[in-house]
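A.B. asks: Dropping a structure here in structure tokens format, bear with me for questions.
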Amino acid sequence: MIHLISDLHLSPDDDALFHRFTTYLSSLTPSDFLYILGDLFEYWLGDDAAEFLGQRPVEEALARLTANGTKVWLMRGNRDFLAGTDFADRCGVGLLEDEHILQMGDHRILLMHGDSLCTDDLEHQAFRSLVRTDVWQQTFLAKSVPERDAMARAVRYRSENGKVAKTIEIMDVTQPAVEAVMHQHQVRLLIHGHTHRPAIHQLALSGPQSGHRIVLGDWATGPSSICIHASHLELRHDTKADALYF
Ligand code: MN
């Protein structure tokens, strides 16, 4: 079975959240596939900083899961875009590109984190373009971990403040960005996270069939996940569940 989660925003000061995460992992079987669509961590300062960040228990939980046979893939979000191959190797997980096609029989599903679709959020798009460059990442990772932490805190506080000022609309995905990326990949189903607005949206795309955009929720109050079956997929968020039949 294929499972998808995103936006856990794991932080060492939230034991209940970590427990929710490990409980979810223990529900998976060795024959399952788990896709994590970004923002697994509240923030990430580089693979050499896992101990500093108090995130070793998360790595150990993932390593136990993958050692047991479950295949895990991780897409990086806007909080953990610095997760790299050392982290992936320690956990036994594979890293995905920002736009990944999940092929299931005749179905092609586009997986994304989702922040790149929030094109009205110009401030975030400018930040994203900057921090995704090799030059910025090499310069950042060359600094000491405490220096990186100080810089990340400054940015995080700024973006937290910015979030309050921004309207709800600006922080959501835009329809043109969604249609463009779905057209580019020739898909009728997109699954993403980031906006913390779990839902199954029907889309009016060109062509005979309609399309769907499915949004995973965050884990602030309970697990949010998608499970893909042969005939349908199920979006579960807290105690609610919604299904899409293929
Ligand atoms: Mn995000």
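A.B. asks: Give the calculated FRET efficiency between residue 177 and residue 231 to the nearest 0.05, with a Förster radius of 30 Å applied to their Cβ-Cβ distance.
C.D. replies: With R0 = 30 Å, the Cβ-Cβ based efficiency is 0.50.
A.B. asks: Moving on to the next point. Once you have a ≥ b ≥ c as the square roots of the Cα gyration tensor eigenvalues for the chain, tell me rounded if a/c is under 1.5, and otherwise prolate or oblate according to whether a/b is larger than b/c.
C.D. replies: Because a/c hits 1.5 or more and a/b fails to exceed b/c, the chain counts as oblate.
A.B. asks: Under a Cβ-only charge scheme (Lys and Arg +1, Asp and Glu -1), can you give me the dipole magnitude of the chain about the Cα centre, in debye to the nearest 20?
C.D. replies: I would put it at about 280 debye.
A.B. asks: Continuing with this model, one more query. Where does the chain land at 222 nm, in deg cm²/dmol rounded to the nearest 500, when only DSSP H runs of n ≥ 4 count, each adding -39500 (n - 2.57), divided by all residues? It would help to have the intermediate numbers written out before the result.
C.D. replies: Details: 8 runs with 86 residues, N = 246.
Counting only the DSSP helices, I get -10500 deg cm²/dmol.
A.B. asks: Where does each of 5-13, 117-125, 133-141 land if you order them by average Cβ count within 10 Å, highest first?
C.D. replies: Top of the packing list down: 5-13, 117-125, 133-141.
A.B. asks: Same structure again: For segment 6-140, what class follows from the C-alpha gyration tensor (a ≥ b ≥ c being the square roots of its eigenvalues): rounded when a/c is under 1.5, otherwise prolate if a/b is larger than b/c, else oblate?
C.D. replies: oblate
A.B. asks: FRET efficiency for residue 185 and residue 52, Cβ-Cβ distance as r, R0 = 25 Å, nearest 0.05?
C.D. replies: Numbers: r = 37 Å, r/R0 = 1.50.
That pair, residue 185 with residue 52, gives E of 0.10.
A.B. asks: Further question: Can you classify segment 57-112 as rounded, prolate or oblate using the Cα gyration tensor, where a ≥ b ≥ c are the square roots of its eigenvalues, rounded means a/c under 1.5, and otherwise it's prolate if a/b beats b/c and oblate if not? Kindly include the intermediate steps, with their values, before the conclusion.
C.D. replies: Details: a/c = 2.86, a/b = 1.38, b/c = 2.07.
Oblate, because a/c is 1.5 or more while a/b does not exceed b/c.
A.B. asks: Separation between the residue 14 and residue 199 pseudo-spin-labels, each 7 Å from Cα along Cα→Cβ, expressed in nm?
C.D. replies: 2.2
Any read-out appearing in this document is the output of simple, stated calculations on the displayed coordinates, not a laboratory observation. The shown structure was predicted, so the numbers you read here are calculated from the model rather than taken from an experiment. Counting neighbours? That spans all protein chains shown, and the Cβs are built from the backbone with ideal geometry, glycine included.
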